[in-house]
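Shown next, in structure tokens, is the structure this report addresses.
Any read-out appearing in this document is the output of simple, stated calculations on the displayed coordinates, not a laboratory observation. This is a predicted model, so every value here is computed, not measured. Note that each Cβ is placed from the backbone with ideal geometry, even for glycine, and that neighbours are counted across all protein chains shown.
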Amino acid sequence: MSHDLTRLSASNLAEKLTSGEVSSAEATDAHLNRIEAVEPDVHAFLHVAADAARATAKAIDARRADGEKLGPLAGVPIAIKDVLCTIDMPSTAGSKILEGWVPPYDATVVKRLRAAGLVPLGKTNMDEFAMGSSTEHSAYGPTHNPWDLDRIPGGSGGGSAAAVAAFEAPLALGSDTGGSIRQPAALTGSVGMKPTYGGVSRYGAIALASSLDQVGPVSRTVLDSALLHDVIGGHDPRDSTSLRDEWPSFAAAAREGAATRSLKGLTIGIVKELQGDGFQAGVTQRFQEAVELLTAAGAEVVEVSTPSFEYAISAYYLILPAEASSNLAKFDSVRFGLRVNPVGGGTVEDVMSATREAGFGPEVKRRIILGTYALSAGYYDAYYGSAQKVRTLIQRDFARVFADVDVLVSPSAPTTAFKLGEKLDDPLAMYLNDLTTIPANLAGVPGISLPVGLAPEDGLPVGIQFMAPAREDARLYKLGATLEALLEDKWGHTLLSQAPDLAPQEMFASEEGAV
Amino acid sequence: MSTETPPTTSESARPATSANSRPVAANSNGNGGSNGPGEITTEQVAHLANLARINLTTAEIAKMTVELAAIVENVAKVTEVATPDVPATSHPIPLTNVYRPDVVGETLTQEQALSGAPEHDGSRFRVSAILGEEQ
């Protein structure tokens with residue numbers, strides 16, 4: 001019974017909670033038990049708030065019993081990426097410099113999910129300050145991919161993706177600066193959405209690169225991401241980049257997409273620059289099969305060219321470090337976090353330099369220094385200035401192709417999950433993992449990743465990415481839900497139901513109990 | 001990636017940078033001079049680490065010099081297409097004049113603001129000396 005509750009999608013669990021078939025206390029206990037069983041292997045969480053989660057769940061059950069009208073996800077457990085400030089849980093962004101720091105306020109998205117009655121289970125692991133594509137740059141040790149524990153779950157949001165893929169939580173929050181929601185989704189067979197820039201508040205999200213960061217949902221189904229997006233999205237006066245748009249119901253878009261199973265009238269552009277050499281054979285194969293399915297459902301599929309995407313990674317690895325070097329200047333040992341006093345004392349600057357030496361990991365140091373270089377006098381125009389021009393060119397490419405097509409499509413990542421340690425000593429090889437996801441961040445457009453099968457050569461998940469014009473997030477939920485339904489019709493099951501069971505003892509125990 | 005061993009700046013193993021040392025100025029004469037884009041020296045990395053307020057050991061500086069050189073060589077590709085006629089874009093979806101009413105909003109209490117500080121005296125953040133003896 002408790003094992004089954006963790007297998008439900010958030011929307012199915014929410015239905016059972018609404019009907020009274022299941023209580024939030026039972027659902028929360030089931031997920032906490034699952035966390036206890038698989039965390040030694042997966043390490044998706046940096047903090048589990050078991051007691052607080054049980055208390056929240058009981059309070060929701062009591063309100064429901066009192067006849068209060070609750071939101072559609074009330075009582076559903078959720079995991080929160082550690083980049084988001086939580087007033088009752090440590091928020092470290094995967095860094096030693098913030099070890100044990102409990103913020104005095106909640107991020108707006110956290111406040112909204114609490115108000116909607118969701119039950120926070122804990123905080124998920126991530127590359128330090130979201131700098132990485134494998135979660136190996138976490139100061140607290142890597143997260144393991146539930147499909148193969150010797151492999152990385154992607155990053156930076158490997159913890160959130162692994163938590164949903166390992167059935168530790170039906171939902172999670174992520175943040176996506178260059179692919180940190182979508183690439184881990186692809187590598188773990190889960191779903192992840194980067195909303196339109198400004199569509200979701202970043203207030204209380206520990207900033208990496210402010211012109212690129214976006215908070216978004218992580219889940220096992222397209223509908224679940226849409227339901228969570230409905231909860232966290234919308235204007236926030238505390239974020240000056242927050243859009244004032246009235247957003248449609250993303251859940252309604254996903255339900256419509258799943259119900260119609262038709263793509264008649266939709267034009268989809270395959271991005272020429274995001275395929276071919278450098279893409280793993282099994283990734284290309286599953287991607288092409290998915291595109292055939294889209295065509296069979298009535299979509300018109302054409303190839304489009306976006307030549308400046310070739311320069312996206314280069315522009316990204318100038319813009320991101322430049323902005324990060326500025327954003328991370330706040331970790332100065334004065335207002336929060338670590339302080340290291342040098343032997344024999346020193347000035348506040350000496351303390352700051354010693355603190356940042358001890359508190360930051362190698363990738364963070366590398367990027368801060370790279371950013372400082374890109375912004376320094378004499379290099380600013382050549383590097384940062386040029387990167388900002390490339391951003392213009394990429395936006396123009398998007399605008400040009402979106403005049404002809406409704407949606408763009410590419411593989412979500414060039415390869416399936418690689419082995420832990422494989423690329424850790426080669427920063428450039430690691431950076432190439434974000435080849436497919438970075439353009440959307442540079443242009444602020446929304447992107448979604450959903451699973452399209454397992455690569456034949458290694459049996460690991462492959463993801464497909466759709467991108468839409470800015471503010472057209474609903475289009476991605478509708479199309480994503482259609483493709484998901486078509487694939488599951490074909491397979492006869494969800495992709496994640498094929499993942500290894502990580503806690504066979506737990507399963508045997510429940511079977512024995514049933515005899 | 002280059003396999004050259006970069007020169008070292010200091011024989012000692014102690015941190016090569018501190019707030020009071022300014023080893024060598026970063027090349028600030030535009031793209032001229034001996035260090036064009038893509039060429040990075042240990043002196044530059046030591047200076048950048050100082051600007052970024054991160055102490056690095058001599059060994060870390062040597063390693064990072066090699067890594068940064070490889071990264072910069074790759075990202076310098078942006079200059080190929082960034083011609084003068086292309087305007088720069090700083091934000092994906094620009095908004096202008098984002099104001100709120102000029103009224104006191106919800107703020108942190110003093111206690112909350114100090115709650116995460118490594119050291120405070122109950123009403124203020126406590127730090128060590130701002131100026132060194134040389135200043």
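Phi angles across the stretch A:314-320 convert, under the Karplus curve 6.51 cos²θ - 1.76 cosθ + 1.60 with θ = phi - 60°, into 3J(HN,Hα) values of 4, 5, 4, 7, 9, 5, 4 Hz, Gly and Pro given as x.
Only residues of the stretch B:48-71 count here: report those whose backbone N is under 18 Å from the spot 7 Å along Cα→Cβ of A:Val343, or say none. Zone members listed by number: B:55-59.
Given the pairs A:Lys81/B:Lys77; A:Lys81/A:Lys111; A:Lys81/A:Lys389, which are separated by over 24 angstrom at their Cα positions?
A:Lys81/B:Lys77; A:Lys81/A:Lys389
Within the straight-line cut-off of under 23 Å between alpha carbons, the lysines reachable from A:Lys490 are A:Lys264, A:Lys478, sequence neighbours fewer than 8 places apart in one chain being disregarded.
Modelled this way, with points 7 Å down the Cα-to-C-beta line, the labels at A:Ala259 and A:Ala52 are 3.9 nm from one another. With both labels modelled 7 Å from their Cα along Cα-to-Cβ, the B:Ala88 to B:Ile130 distance reads 3.1 nm. Computed with the Debye formula from one identical point scatterer per Cα of chain A, without solvent, the log10 of I(q)/I(0) at q = 0.06, 0.09 Å⁻¹ comes to -0.25, -0.57. Sequence-ordered 3J(HN,Hα) estimates for the stretch A:444-450 from the Karplus curve with 6.51, -1.76 and 1.60 and θ = phi - 60° stand at x, 7, x, x, 10, 10, 9 Hz, glycine and proline given as x.
About the centre of its Cα atoms, the protein assembly as shown shows a dipole size close to 1260 debye [charges on the beta carbon of Lys, Arg (+1) and Asp, Glu (-1) only; nearest 20 debye].
Suppose every K and R has +1 on its Cβ and every D and E has -1 on its Cβ; what is the size of the dipole of the stretch A:1-111 about the Cα centre, in Debye to the nearest 20?
Once rounded to the nearest 20, the dipole reads 260 debye.
Taking Lys and Arg as +1 and Asp and Glu as -1, the other residues whose beta-carbon sits under 13 Å from that of A:Gly122 total -2.
Over all other residues within a Cβ to Cβ distance under 12 Å of A:His229, the charged ones net out to -1, with Lys and Arg as +1 and Asp and Glu as -1. Which lysines have a Cα less than 21 Å from the Cα of A:Lys365, not counting those fewer than 8 places away in the same chain? The reachable lysines, counting only those whose Cα sits under 21 Å from A:Lys365, are A:Lys96, A:Lys330, A:Lys423, B:Lys63. In this structure the amide hydrogen of A:Gly71, modeled in the peptide plane, comes within under 5 Å of no amide hydrogen from residues 5 or more places off or on another chain.
Using only the alpha carbons of the stretch A:112-191, what is the convex hull's orientation-averaged projected area in square nanometres?
5.0 nm²
Each of B:His120, A:Ser240, A:Phe402 was scored by the projection of its Cα onto the charge dipole of the protein assembly as shown, and the greatest displacement toward the positive side belongs to A:Ser240; charges sit on the C-beta of Lys, Arg, Asp and Glu. Local charge for A:Pro104 was computed over the other residues whose Cβ lies under 14 Å away, with Lys and Arg +1 and Asp and Glu -1, and equals -2. What the phi angles of the stretch A:273-290 give under the Karplus curve with 6.51, -1.76 and 1.60, with θ = phi - 60°, is a coupling list of 6, 10, 7, x, 4, x, 9, 4, 4, x, 5, 4, 4, 5, 5, 5, 4, 5 Hz, glycine and proline written as x.
Near A:Phe45, the amide H atoms lying under 5 Å from its own belong to A:Asn125; only residues 5 or more places off or on other chains count, and H is placed 1.01 Å from N. About its Cα centre, the dipole of the stretch A:291-404 is roughly 500 debye, where the only charges are +1 on Lys and Arg Cβ and -1 on Asp and Glu Cβ.
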